[in-house]
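Right, one structure below, let's go through it.
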Amino acid sequence: MACLGEHVPFRERYAWIEALIERRVMSFFTRKISRRTIMQALIALPALSLFRKPPAADPDAIVEVNGWILKRSDLT
Amino acid sequence: MIFDSYEAFRAVNFTAKVCVLGSGPAGTTIARKLGAAGIPVVVLEAGSREFSDDSQDFYRGVTVGDPYFDLDITRLRFMGGSSNHWAGWCRVLDSQDFEPKAWAPDTGWPIGRADIEPYLPEVHEILELPDFRPDVPISDDIRWVQLIKSPAVRFSEKFADELDKSRNVAVVLNTYATELAGDGKRVTGARLWSNGNDAGSFTADYFVVCTGGLENSRLLLWSNRRSNGGVVPNSTALGRYWMEHPTFEGGNAILADYSEFEVDATNEAFFSPTLAAMERLEIMNFGIRLIETPYPGIKSIIADLACTAPEMAEWMSYQLSQNLRCAAQLYVTWEQAPLASNQILLSKTDVDHAGVPRIELHWKKSELERRTLLEGLRLFGTTLVQKDLGRVRIADWLTNGGDYPTNEELAGHHHMGGTRMGTDVTKSVVDANSKVHGMDNLYVGGSSVFCTSGECNPTTTITALACRLGDHLGKVIGA
């Protein structure tokens, strides 16, 4: 701990407050949300990409559907 | 001169230098060429001037493998041979048809298209053909090709008068060469059967077998057996690599504008792959025949499309109302991969009235051909889409891997191979001049010498090869 009158950088001076807040916030999460739930959320993250807008399909691409040779745009 | 029996011919003491067996397109063409060159030639025709059931009965046989036509129906045994039921469709094998294909074993001819080109003007005169227009590439993969539907020359009708007046050509009807005798170097004579009886033997300096794409193999197989290998000394390939042009309806097309292609008098147009497409997909040659669909057929096609692409179906309905000629059936004819297992054998149990074993034809389509059919339709469909010319639907039996339909054309009545041309004596029967390997005086004419079949009807190429063989023999004999 620094003495009075000594120059101490701002961040170090209040580091104890920061640590206190962090402990309180983390304890809030660990009390309200189980570790298992957090893990499940992390595992589910890649699935979110499914909700991303897919790249636009080439409307001129050739597709074969039910024996028909078509342009993709024929199917819209 | 035309004689109705061997007895009548024998009475005139005509000494022939060359004996041609068979009076179909190949036999008649070779005889006319030799006659015009001043070489005396006799043509022995097993049948008479007209069709008869008794004569056709000699052609009965059995087929083992895929369904095929009755062997006494698919060819004709009378003067003019199978030209008497020929539809007259003409096209010459393409240059690429003569080339070996790395992906298809035993392909490639010992001659090229350039070797028969000089004879095409003669062929056009014989078959009464206009000039062919060049192929039109409609994409990198598909060519719009021309298949001329000629007046279907009946060789007996067209040339009977000329042959009758000829001093150098004697046509002897009702005279069946049941076997050739040979000593491993030369044919020494032919055993004859005329008007239902053994007619003794006949000899000439040269023999040319032109009895048809099935019968050539039968005659040589039987002759070789009777002469202990003295007629075809290298007989490994004899009867083998037999080919047809299988033909099936492979799907339908709806065209944006049917008049995009100049169709022939029966509203048909023809398409084939480029060599590059065949190489890329490793498939054989094929021909797609676009035939105008009757109106009720169009409605069912559009109803089917409506389930898959409703807007497209709506557009096509509009086209239909604008132009009643916008839909077509797609018939595909393809080149068979030459296989040694597709072969003509002599029956072990059945003989004809003259005692010659009948044919047992072993014939089966291969997986490569199935792929050719399917990929060919895909290529054509893709080209129509890319060029916005229309849309193609491939038949269900093809996309589902079903069996070939049994209620369709099956094939073209084109009998090819069996005495194929080549340099390897284990894989061919005749050399580049159609002379049987190892024999000095035995030649073969007709589509049995084809190494590969291409996709087009064979008569034009048969006639060109016959002109070439007639020319060659004339030079050999004249030398």
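The values are calculated or read from the model by the stated rules, or taken from the named source; none is laboratory data. Note that the structure is predicted; figures quoted are calculated from it, not measured. Backbone-built Cβ (ideal geometry, glycine too); neighbour counts: all protein chains shown. The protein model used for the area step is the full one, side chains on, heavy atoms only, and it has no ligands, DNA or RNA in it. Shrake-Rupley method; radii C 1.70, N 1.55, O 1.52, S 1.80 Å.
Here are some notes:
- Of the strands (runs of 3 or more DSSP E) lying entirely inside the range B:314-426, the ones with 2 or more residues being basic (Lys, Arg) are found at B:390-394.
- Of the residues making up the range B:392-444, those that are within 14 Å of chain A (Cβ to nearest Cβ) and in contact with a Gly (Cβ under 8 Å, 6 or more places away or on another chain) are B:392, B:393, B:394, B:395, B:396, B:398, B:399.
- Residues in the range B:39-68 that are buried (at least 16 other Cβ atoms within 10 Å of the Cβ), within 21 Å of the chain's Cα centre (by Cα) and not in a strand (DSSP E or B): 8 in all.
- No other residue among B:216, B:224 is assigned to a helix (DSSP H, G or I) and in contact with a helix residue (DSSP H, G or I) (Cβ under 9 Å, 6 or more places away or on another chain) apart from B:216.
- Of the residues making up the range B:279-300, one or more are in contact (Cβ under 8 Å) with a residue 12 or more places away in the chain, in contact with a Lys or Arg (Cβ under 7 Å, 6 or more places away or on another chain) and farther than 23 Å from residue B:364 by Cα.
- The set of residues in the range B:367-394 being over 30 Å from residue B:213 (Cα atoms) and under 27 Å from the mean Cα position of the chain (by Cα) consists of B:378, B:379, B:380.
- Restricting attention to the range B:402-412, the residues that are in contact (Cβ under 8 Å) with a residue 60 or more places away in the chain and open to solvent by 70 Å² or more (accessible area, probe 1.4 Å) total 2.
- Within the range B:274-316, tally of residues that are among the small types (Gly, Ala, Ser), closer than 26 Å to residue B:337 by Cβ and touching a helix residue (DSSP H, G or I) at 6+ places or on another chain (Cβ under 8 Å): 1
- Just one of the numbered conditions (1) under 30 Å from residue B:139 (Cα atoms); (2) in contact (Cβ under 8 Å) with a residue 60 or more places away in the chain is not true of residue B:418: (1).
- Among the residues listed as B:153, B:145, the single one being in contact with a Lys or Arg (Cβ under 9 Å, 6 or more places away or on another chain) and not charged (D, E, K, R): B:145
- Within the span defined as the range B:359-368, every residue fails to be within 14 Å of chain A (Cβ to nearest Cβ) and open to solvent by 40 Å² or more (accessible area, probe 1.4 Å).
- Residue B:115 being surrounded by 17 or more Cβ atoms within 10 Å (Cβ to Cβ) and either among the basic types (Lys, Arg) or in contact (Cβ under 8 Å) with a residue 40 or more places away in the chain (or both): no
- Residue in the range B:80-89 that is under 22 Å from residue B:20 (Cα atoms), open to solvent by less than 10 Å² (accessible area, probe 1.4 Å) and part of a loop (DSSP other than H, G, I, E, B) present: yes
- Some residue of the range A:36-59 being more than 9 Å from chain B (Cβ to nearest Cβ), in contact with a strand residue (DSSP E or B) (Cβ under 8 Å, 6 or more places away or on another chain) and closer than 30 Å to residue B:402 by Cα: no
- Any hit, the range B:256-270, residues being within 14 Å of another protein chain (Cβ to nearest Cβ), hydrophobic (A, V, I, L, M, F, W, C) and open to solvent by less than 20 Å² (accessible area, probe 1.4 Å): no
- Residues located in the range A:47-76, provided they are open to solvent by 90 Å² or more (accessible area, probe 1.4 Å) and part of a helix (DSSP H, G or I): A:48, A:50, A:51, A:72
- Looking at B:373, B:389, just one residue is more than 10 Å from chain A (Cβ to nearest Cβ), touching a residue at least 60 places away in the same chain (Cβ under 8 Å) and either open to solvent by 20 Å² or more (accessible area, probe 1.4 Å) or small (Gly, Ala, Ser) (or both), and that residue is B:389.
- Only one of B:218, B:240, B:186 that is away from chain A (no Cβ under 14 Å), touching a residue at least 12 places away in the same chain (Cβ under 8 Å) and over 18 Å from residue B:446 (Cα atoms): B:186
- Breaking point among (1) open to solvent by 80 Å² or more (accessible area, probe 1.4 Å); (2) under 30 Å from residue B:267 (Cα atoms); (3) touching a strand residue (DSSP E or B) at 6+ places or on another chain (Cβ under 7 Å), for residue B:138: (1)
- Extreme residue, farthest from residue B:460 (Cα to Cα), among residues of the range B:69-79 that are in contact with a Phe, Trp or Tyr (Cβ under 7 Å, 6 or more places away or on another chain) and open to solvent by less than 30 Å² (accessible area, probe 1.4 Å): B:71
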